[in-house]
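Here the structure comes first, spelled out in structure tokens, and everything after it is commentary.
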Amino acid sequence: MFHTKKTTVHALRRLVSGALLSIALLLMSAICFGQEVEQLFWSETPLQAQDYTLMPDNIDTGKLGVFTYTHVSYKYTFVRPGSILHMKMVVTAGFIKEKSWIKAHAMKDKNALAHEQLHFDLTELYARKLTKAFAEAKPTDNFKEAFDAVFQQVFNELKEQQQQYDLETDHGFRGKKQQYWHNHVKNELNAHAAWADKVLVYNVDRSQAS
């Protein structure tokens, strides 16, 4: 079982009369956090049972013993002295610990944890796809709107894939389907390995823009 959230963070920096003016905007869908939350960023090291919050046994969660809350986000900063636009874009795939839970009986259930890990892997895959899509897009005068549109499209695809994964595997209870998805996602991660660092740098001469 999973929940995927999208976040976007934009930091705007411009040179104004020799002073650096910084404006930060935080835009979130689904849930807005008033304080920092503890999270893990995707890595080759798989999630462990202790990464989850323990859910009391007296709370009914049906047949599900683990719940994973992930998010994909991007942020950019830019400086525009004159006609040159210098921009840095960073995309992340994160696991929100306080919103991800596990029942005591599932803490040693390797199959359940492997199923949830693949939810996180899917989030990382689409973070890489998002990076690739951003790289193929060129900053324009309306780059915020353009980037947000790219983000929304990729995020919608991620949600559909997460739902399809749970549907086809019955939350990991169908072994053959689970193995199929494991192989599929791993192959896709390898195919998008070039975008694994999820960092982009743009240097655009605005005077040449048509």
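Can you name the residue in the stretch 44-76 that is open to solvent by 50 Å² or more (accessible area, probe 1.4 Å) and either of a type in the set (Ser, Thr, Tyr) or within 30 Å of Glu145 (Cα to Cα) (or both) and, of all such residues, is modelled with the lowest pLDDT?
Here the answer is Lys75.
Confirm whether Glu160 is surrounded by fewer than 12 Cβ atoms within 10 Å (Cβ to Cβ) and either on the phi < 0 side of the Ramachandran plot or modelled with pLDDT of 95 or more (or both).
yes
Can you find, within the stretch 99-129, the residue that is farthest from Phe147 (Cα to Cα) among those that are out of contact with any helix residue (DSSP H, G or I) (no Cβ under 9 Å at 6 or more places or on another chain) and open to solvent by less than 10 Å² (accessible area, probe 1.4 Å)?
Glu116
Scanning the stretch 166-210 for residues that are in contact with a strand residue (DSSP E or B) (Cβ under 8 Å, 6 or more places away or on another chain) and outside any strand (DSSP E or B), which turns out surrounded by the most Cβ atoms within 10 Å (Cβ to Cβ)?
Lys198
Which pairs have Cβ atoms under 8 Å, sit 6 or more apart or on different chains, and link a residue in the stretch 172-193 that is within 11 Å of Leu125 (Cβ to Cβ) to one that is open to solvent by 60 Å² or more (accessible area, probe 1.4 Å)?
Listed by first residue and then by second, the contacts come to His192/Lys132.
Could you figure out which of (1) under 22 Å from Trp195 (Cβ atoms); (2) crowded, with 19+ Cβ neighbours inside 10 Å isn't true of Ile96?
The single condition Ile96 does not satisfy is (1).
Go through the stretch 68-116 and give me each residue that's polar (S, T, N, Q) and in a strand (DSSP E or B).
The answer is Thr68, Thr70, Ser73, Thr77, Thr92.
The values are calculated or read from the model by the stated rules, or taken from the named source; none is laboratory data. In this text, all values refer to a predicted model and were calculated from it rather than measured experimentally. Cβ sites come from the backbone with ideal geometry, for glycine too, and all protein chains shown count toward neighbours. Side chains are part of the model used for accessible areas, which takes the heavy atoms of the whole protein and leaves out ligands, DNA and RNA. Shrake-Rupley method; radii C 1.70, N 1.55, O 1.52, S 1.80 Å.
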